[in-house]
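What follows is a single structure, written as structure tokens, with notes after it.
The values are calculated or read from the model by the stated rules, or taken from the named source; none is laboratory data. Because the structure is a prediction, the values reported are computed rather than measured. All Cβ positions, even for glycine, are placed from backbone atoms using ideal geometry, and neighbour counts span all protein chains on display.
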Amino acid sequence: MLHIRRARRVKIAAQIDRELPGLAAGERHMVIEERLREHTVLEVERTRRRHACAVVEVEGRRAAAARRREREAERARRSAPCAGCGLPDAAGLCPPCSYARRTDQLVQEAVDLAVAARADLDYAEQVAQLTAPCEADTRTLIADVCRRRSGDEAWAAYAAQEVAERVRDERRAAAVRRLMASEDAVAEADAAYEAALRQRPRDHRGAEAAADDACRRTAGYLLRSRLGQLTVLRARVAATGRTAESRDGWGSVNACR
């Protein structure tokens, strides 16, 4: 770097001598230093621009490479066979299998809602005895409804998903209604009713609305809590392979109704 600066100074000094001959030594030195400063500023700016261009170029290459990888990944995804039936070029899952998978998930949710609202979750055997017939009844119900509808395989799979979703929603509403009759929900409703009347002694309609909201809110909380407890229970059973001590008489109960 030092020899470059020296060469630059010599070159600039030669230019000054050609352009401004006869300058005194002091003036010549001042002019040379000024030209050197101007040259340095220009060189810094050129370096900055080159660096900025290089950064843009590198980022452009990276973005182009990322787009190529995305296109390749998308092509691979689209060409992947269906994981369910093996249909080629199904993007990993064909529509009928996708609907069937979603239906299975909805059936499980519907069964869990029914069992969580009815079973004693301290007894895994009771949960198992309620789960099996409830799932069978749920799948039979969905199949019966779909059988009455015409259509090809894809349409039947879609219809099954649609029916399963409706069943799941109906089970949720039924579970909430059932838990609204629980002691906890009734106690919360009574407390909300009394609190509302204390604030507005003559507003019985408002008190009833507050009680209903409190009862429904408590039932929703109880349902979420019981669903979580059910999930933990099933995970424990799956891990140990054992169920807790059973209670007599639960095998014949229909948990879905």
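Just a few scattered comments:
- The requirement of being more than 30 Å from M180 (Cβ to Cβ) and of a type in the set (S, T, Y) is fulfilled nowhere in the stretch 102-115; no residue meets it.
- Condition check for R67: under 23 Å from the mean Cα position of the chain (by Cα) and either outside the structural domain of E135 (by TED's automatic domain parsing) or exposed (fewer than 14 other Cβ atoms within 10 Å of the Cβ) (or both): no
- Considering the stretch 102-135, the residues that are of a type in the set (D, E, K, R) and assigned to a helix (DSSP H, G or I) include one that is farthest from the chain's Cα centre (by Cα), namely E125.
- Top-ranked residue of the stretch 15-37 - restricted to ones that are aliphatic (A, V, I, L, M) and assigned to a helix (DSSP H, G or I), ranked as farthest from the chain's Cα centre (by Cα): A25
So that you can scan it fast, the table gives a plain yes or no per residue for (1) under 24 Å from T231 (Cα atoms); (2) surrounded by 20 or more Cβ atoms within 10 Å (Cβ to Cβ):
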site: A91; (1), (2): no, no
site: R101; (1), (2): yes, no
site: Q108; (1), (2): yes, no
site: D112; (1), (2): yes, yes
site: D120; (1), (2): yes, no
site: L130; (1), (2): yes, yes
site: R139; (1), (2): yes, no
site: R147; (1), (2): no, no
site: A159; (1), (2): no, yes
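Table: residues versus (1) of a type in the set (G, A, S); (2) farther than 30 Å from E135 by Cβ; (3) part of a helix (DSSP H, G or I).
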{"position": "H39", "(1), (2), (3)": "no, yes, yes"}
{"position": "R48", "(1), (2), (3)": "no, yes, yes"}
{"position": "A54", "(1), (2), (3)": "yes, yes, yes"}
{"position": "R71", "(1), (2), (3)": "no, yes, yes"}
{"position": "P81", "(1), (2), (3)": "no, no, no"}
{"position": "L93", "(1), (2), (3)": "no, no, no"}
{"position": "P96", "(1), (2), (3)": "no, no, yes"}
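- Only residues that are touching a Lys or Arg at 6+ places or on another chain (Cβ under 9 Å) and of a type in the set (D, E, K, R) were counted across the stretch 217-235, and they come to 0.
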